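Engineer: Below is a structure I'd like to ask you about.
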Amino acid sequence: MNENDTYEVIIVGGGVSGAALFYELSYYTDVSKIALLEKYAEVATLNSNARANSQTIHCGDIETNYTLEKAKKVKRTAKMVEKYCLQYGYQDSVMFKHQKMAIGIGYSECRFIKNRYKEFKSLYPYLELYDKAKLEEIEPKLVIDEHGNGRNEEIVGMGAQDEYTTVNFKLLSDTFIENAKKNTEIQTDIFYNSQVDDIKKIDDVFHVTTTDGKVYKSKMVVVDAGAHSLFLAHKMGHGLNYGQLPMAGSFYKTDRAILKGKVYMVQNPKLPFAALHGDPDVTLDGATRFGPTALVIPKLERFKPGTYIDFFKTLKLDTNVVKIFYDLFKDGEIRSYILRNYLFEIPYFGKRAFLRDAQKIIPSLKVSDIQYAKNFGGVRGQILDKENQKLMLGEATINTGDGIIFNMTPSPGATSCLGNAQRDVELICEFLGKKFDEDAFNKDLVEENNNE
Ligand SMILES: Cc1cc2nc3c(=O)[nH]c(=O)nc-3n(C[C@H](O)[C@H](O)[C@H](O)COP(=O)(O)OP(=O)(O)OC[C@H]3O[C@@H](n4cnc5c(N)ncnc54)[C@H](O)[C@@H]3O)c2cc1C
């Protein structure tokens, strides 16, 4: 093996996950030759783009579908993003503060929020409970209509007013690359317009081939290719017990700020995706965005040509997958949720149907206030666990143990980017016999008393 033309680590995919790993390797390890191969001409053009996702730092305080256990985990990684941004002074350029809350409407949802507040307050001491009068002060549109009339239903909120809530994950990815490149003592190469087509291990070295025929060699590979990670894993014969369902999410937007901060609703526990929410969009000068919706699409990337065949290959359609679909569809509530989400895409009718859902947040919202947000919304590659015949929620990783890792990163993958990268940095250092400067890492990125 010629050591000179072999990288120690190649990262496939320059979304926020790959960029975060690139940064951590260059800053906190003695790995000295790293390459990142990205399909497009810049980083974070797909799901990590600000227009593709909800821009939320999911730290577990207002996400009513998270258990306390899951909340503890995401809190640790969410705080890493916050500490990173504060370390470099990115507040108000990459990371933003707004009020945030989850609201309950009607007796049972209000009771749910009040109980959750009691349970979660110890983990998030800053959490506050808002009655109708307080809500009117913080987010008047939740309570008062355009005629000054109050909302009839019982409503309660649980949230915070002085926390960082929002990140432009595209800009965050750019900063990871920029800061990694500042370490000029090591070799950090980035190859744009380089779509990886094939990865083979020959004599302990991975040969990573791009569609233009170039071959890059490395001792270790991490595939952070979003919805494409499983596609590449399957190509190498890994993760065959998984299939993938590309779940797109669309948004509707207003042309002015209607909400001052993030308003989430109580999640229906039966539904596999986050409930609709409304919040200021950092790319739209604070105008309000509502969404995301959830609809299966037969491709891995939105608003780009191709990837239909890749979808069919990663779906791995067989009787197990059919059983997962059957189980989802036989439940009336899930069935009507799926169909309703398709309806939201249809001009004229979709907007009116969506309005009804958005009015749960803002009762005075009118059809003329909202418009379909064109070219907004990415794809969550939801993993199908074929062995257990279940749709998996959240992220998944395949560590083959022989030097290649594949990361599948639906929500909240952007929030977890630094935490996921830490996990991979530790695996890389162990595999290559390299050092991870954990003290420096913890000091810079981990919130005190949260180093579990
Ligand atoms: C509607 C929606 C709302 C969301 N809201 C939130 C939120 O509020 N907060 C949150 O934390 N998360 C959210 N997420 C999830 C979040 O967007 C993703 O978890 C995150 O962006 C994943 O980042 P990634 O780098 O792993 O993947 P991606 O951003 O998809 O990046 C993958 C990269 O790999 C490249 N690539 C693909 N194939 C190849 C190849 N063969 N060769 C080379 N390069 C390749 C792509 O070009 C791309 O740059 C949301 C997702 C959606 C769809």
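Engineer: Of the cross-linked pairs LYS182/LYS262; LYS235/LYS435; LYS39/LYS181; LYS73/LYS181, which ones have a Cα-Cα span greater than 23 Å in the structure shown? If you can, show how the numbers build up before the last one.
Structural biologist: Working: LYS182/LYS262 35 Å; LYS235/LYS435 31 Å; LYS39/LYS181 19 Å; LYS73/LYS181 30 Å.
The answer is LYS182/LYS262; LYS235/LYS435; LYS73/LYS181.
Engineer: A follow-up question, please. In debye to the nearest 20, how big a dipole does the stretch 242-386 give about its Cα centre with +1 on each Lys and Arg Cβ and -1 on each Asp and Glu Cβ?
Structural biologist: That gives a dipole near 160 debye.
Engineer: Separate question: Using every pair of alpha-carbon atoms in the stretch 126-281, split the distances into 5 Å bins beginning at 0 and state the percent of pairs per bin, rounded to integers.
Structural biologist: The calculated distribution, bin by bin, is 1, 6, 10, 12, 12, 12, 9, 9, 9, 8, 5, 4, 2, 1, 0.
Engineer: Here's another thing I want to ask about it. What is the Rg over Rh value, at two decimals, for the stretch 10-149, using alpha-carbon atoms and the Kirkwood definition of Rh?
Structural biologist: Computed over Cα atoms, the ratio is 1.07.
Engineer: So what is the relative contact order for the stretch 131-259, in percent, with contacts set as C-alpha pairs under 8 Å and at least six apart? Present the calculation step by step, with values, prior to reporting the outcome.
Structural biologist: Working: 84 pairs, mean separation 17.7, N = 129.
Result for the stretch 131-259 is 14 percent.
Engineer: Just need the Rg to Rh number for the chain, please, alpha carbons only, Kirkwood Rh.
Structural biologist: Numbers: Rg = 22.2 Å, Rh = 22.8 Å.
Ratio value, two decimals: 0.97.
Engineer: For the stretch 242-386, how big is the tail of P(r) above 24 Å, as a whole percent of Cα pairs? Spell out each step's value before the answer.
Structural biologist: Details: 3746 of 10440 pairs.
Within the stretch 242-386, distances greater than 24 Å cover 36 percent of Cα pairs.
Engineer: Follow-up question, since we're still on this one. Relative contact order, percent, of the chain when contacts are C-alpha pairs under 8 Å separated by at least 6 residues? Walk me through the intermediate numbers first.
Structural biologist: Details: 920 pairs, mean separation 111.6, N = 452.
Dividing the mean separation by the residue count of the chain yields 25 percent.
Engineer: Can you list residues from other chains, or at least 5 along the same chain, whose modelled amide H is less than 5 Å from the amide H of ASP30?
Structural biologist: Residues meeting the criterion, in which the H sits 1.01 Å from N, are LYS435.
Engineer: List the DSSP H helices in the chain whose Cα atoms stretch 27 Å or more along the helix axis and whose mean Kyte-Doolittle hydropathy is at least -1.0. Write out the running numbers ahead of the final one.
Structural biologist: Working: long enough: 68-88 (30 Å, -0.84).
For the chain, where a helix must reach 27 Å along its axis and average at least -1.0, the hits are 68-88.
Engineer: Also, I was wondering about something else. Counting other Cβ atoms within 10 Å, which chymotrypsin sites (Phe, Trp or Tyr not before Pro) in the stretch 24-86 have at most 16 and lie in a DSSP loop? Could the numbers behind the result be given before it?
Structural biologist: Values: sites: TYR27, TYR28, TYR40, TYR66, TYR84; in loops: TYR40, TYR66.
Loop-located and lightly packed - TYR40.
The numbers here are math on the coordinates, done by the rules we state, and not lab data. Please read all numbers here as calculations on a predicted model, not as lab measurements. Cβ sites come from the backbone with ideal geometry, for glycine too, and all protein chains shown count toward neighbours.
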